Amino acid sequence: MKTLSIDVRHADPQDARAISEAHRAAWRHTYSGIIPHQPLTNMIERRGETWWRKATRGPATLLVADVAGMIAGYATLGLNRARGLPQEGEIYELYLRPEYQGIGLGTLLFGESRRLLKSLGCEGMVVWCLEDSEQGERFLRSRGGVDLVEGTEDFGDKKLKKLGFIWN
């Protein structure tokens, strides 16, 4: 019998191409029909292999979900960027390739991200989600997040509402 290995670990520079591919697939799947086509394409194209190689070296922490050597998804996290909020930690991004969604890997990646922020001494955490991303909103609510703050994000000529989910 073969054993399938699943690991959440810190990303290495050699993971950059696979993270870039996971990013592309996840963002197209998640945001097509929500973010206008051209701004979405521009955002994806800016984050190629070179961008992700630099991201593995900080300042944010970059974790990957590694399934038998395949990068199924990633999370970036660090200090809260919204200075007006008392929560000290933030998960900036958490995305999985579409074929790896719905099987518990997001929960695993979220849990490891949250544990890492706590181990770094962060009191409380925020995660932002576009309001129109029903899947993202459902995921965050089911993990105990409460949408207590709102903001907007500009995508070309379109402003989209975002929700800040809070954990204390």
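The values are calculated or read from the model by the stated rules, or taken from the named source; none is laboratory data. Worth saying up front: this structure is predicted, and the values here are computed from it rather than measured. All Cβ positions, even for glycine, are placed from backbone atoms using ideal geometry, and neighbour counts span all protein chains on display.
Name the residue, out of GLY58, GLY69, that is more than 16 Å from the chain's Cα centre (by Cα), at pLDDT below 95 and exposed (fewer than 13 other Cβ atoms within 10 Å of the Cβ). Full working, then the answer.
On the way: GLY58 fails: more than 16 Å from the chain's Cα centre (by Cα).
It is GLY69.
Only one of (1) surrounded by 19 or more Cβ atoms within 10 Å (Cβ to Cβ); (2) modelled with pLDDT under 95; (3) not acidic (Asp, Glu) fails for SER5. Which number is that?
All conditions pass for SER5, except number (1).
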